[in-house]
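Chemist: Have a look at the structure that comes next, please.
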Amino acid sequence: NIKANGFAESGRTYTFNVGVSEKAGRAKFSIVDGMCGHNSLYAERKGLKTIDVGLVSIDEHMKNAEKIDVIKMDIEGEEYFALKGMRETIRKNPQIKILMEFGPGHIKRAGVSFDAFFALIDELELTYKLIDEKTGDVTNITRDELEKVFSVNLFLEKREA
């Protein structure tokens with residue numbers, strides 16, 4: 001994606017071969033053969049191959065970054081914990097935009113309730129909107145509507161003061 005969108009030579013985009021969570025550590029990462037978009041710390045079914053991965057928090061890993069404009073997360077259930085691990089980053093970067101896949105089933109497999117997830121969004125003073133996958137338009141969506149989706153992409157940003 002970085003290369004396809006012309007950012008490879010910009011020096012403004014960085015990738016790291018680690019998982020993102022609330023804090024540093026290690027975890028078993030489940031691999032779904034032939035479906036890379038379903039690999040997760042929270043296996044969809046038993047018997048999947050796993051690999052050991054390192055975990056970092058955004059706050060610790062990016063603590064020396066001068067400015068963070070965008071974070072893109074598609075991490076199959078770990079979104080809640082990743083957000084908990086970027087509290088300071090969000091505070092220091094009030095202009096930050098977060099693009100995030102959201103699937104109620106993913107967060108449920110991670111042991112996170114719908115209410116806990118949205119309590120954290122409120123605590124971080126973030127708003128959320130739906131990203132239309134066909135047009136890219138950002139529109140309002142309610143918690144009730146989100147509870148009924150399989151998976152959508154959300155746009156998060158700081159609430160206006």
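Chemist: Could you check segment 136-157 and list, in sequence order, the residues that are open to solvent by less than 50 Å² (accessible area, probe 1.4 Å) and under 23 Å from Gly77 (Cβ atoms)? Give the steps one after another, and end with the answer.
Modeler: Applying the first criterion (open to solvent by less than 50 Å² (accessible area, probe 1.4 Å)) to segment 136-157 yields 136, 141, 146, 149, 151-156.
Scanning segment 136-157 gives Ile141, Leu146, Val149, Ser151, Val152, Asn153, Leu154, Phe155, Leu156.
Residue by residue, here is whether (1) part of a loop (DSSP other than H, G, I, E, B); (2) on the phi > 0 side of the Ramachandran plot; (3) open to solvent by less than 20 Å² (accessible area, probe 1.4 Å) holds:
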position	(1), (2), (3)
Lys67	yes, no, no
Ala82	no, no, yes
Arg91	no, no, no
Glu101	no, no, no
Gly105	no, no, no
Lys108	no, no, no
Ala119	no, no, no
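Chemist: Being surrounded by fewer than 17 Cβ atoms within 10 Å (Cβ to Cβ), charged (D, E, K, R) and touching a residue at least 24 places away in the same chain (Cβ under 8 Å) narrows it down to one of Glu160, Glu133, Glu125, so name that one. Please lay out each step first, then the result.
Modeler: On the way: Glu160 fails: touching a residue at least 24 places away in the same chain (Cβ under 8 Å); Glu133 fails: touching a residue at least 24 places away in the same chain (Cβ under 8 Å).
So the residue among Glu160, Glu133, Glu125 that is surrounded by fewer than 17 Cβ atoms within 10 Å (Cβ to Cβ), charged (D, E, K, R) and touching a residue at least 24 places away in the same chain (Cβ under 8 Å) is Glu125.
Chemist: Also, quick follow-up: Can you pull out every residue in segment 71-95 that is under 11 Å from the mean Cα position of the chain (by Cα) and aliphatic (A, V, I, L, M)?
Modeler: Ile71, Met73, Ile75, Ala82, Leu83, Met86
Chemist: A further question follows. Which one is nearest to Glu160 (Cα to Cα) among residues in segment 69-80 that are buried (at least 17 other Cβ atoms within 10 Å of the Cβ) and charged (D, E, K, R)? Write out each step before concluding.
Modeler: Residues of segment 69-80 buried (at least 17 other Cβ atoms within 10 Å of the Cβ): 71, 73, 75-80.
Subsequent filtering for residues that are charged (D, E, K, R) retains 76, 78-79.
Values: Glu76: 29, Glu78: 26, Glu79: 23 Å.
Within segment 69-80, the match that is nearest to Glu160 (Cα to Cα) is Glu79.
Chemist: Considering only segment 41-65, state which residues are modelled with pLDDT under 90 and in a loop (DSSP other than H, G, I, E, B). First the steps, then the outcome.
Modeler: Applying the first criterion (modelled with pLDDT under 90) to segment 41-65 yields 41-54.
If the condition is that a residue be modelled with pLDDT under 90 and in a loop (DSSP other than H, G, I, E, B), then Leu41, Tyr42, Ala43, Glu44, Arg45, Lys46, Gly47, Leu48 are the ones that fit.
Chemist: Take Asp59 and decide whether it is in contact (Cβ under 8 Å) with a residue 24 or more places away in the chain and either over 23 Å from Thr139 (Cβ atoms) or among the polar types (S, T, N, Q) (or both). Please lay out each step first, then the result.
Modeler: On the way: in contact (Cβ under 8 Å) with a residue 24 or more places away in the chain: yes; either over 23 Å from Thr139 (Cβ atoms) or among the polar types (S, T, N, Q) (or both): yes.
Considered against the rule, which asks whether it is in contact (Cβ under 8 Å) with a residue 24 or more places away in the chain and either over 23 Å from Thr139 (Cβ atoms) or among the polar types (S, T, N, Q) (or both), Asp59 comes out as yes.
Chemist: Still on this structure, I have one more. Any residue at all in segment 123-133 that is at pLDDT below 95 and in a loop (DSSP other than H, G, I, E, B)? It would help to see each step written out before you state the result.
Modeler: Step one: list which residues in segment 123-133 are at pLDDT below 95, which gives 133.
Restricting the remaining residues to those that are in a loop (DSSP other than H, G, I, E, B) gives 133.
Yes, some residue in segment 123-133 is at pLDDT below 95 and in a loop (DSSP other than H, G, I, E, B).
The values are calculated or read from the model by the stated rules, or taken from the named source; none is laboratory data. Predicted model only: the values in this text are computed from it and were never measured. All Cβ positions, glycine included, derive from the backbone under ideal geometry; neighbour counts span all protein chains shown. SASA here: full protein model, heavy atoms, side chains in, ligands and nucleic acids out. Shrake-Rupley method; radii C 1.70, N 1.55, O 1.52, S 1.80 Å.
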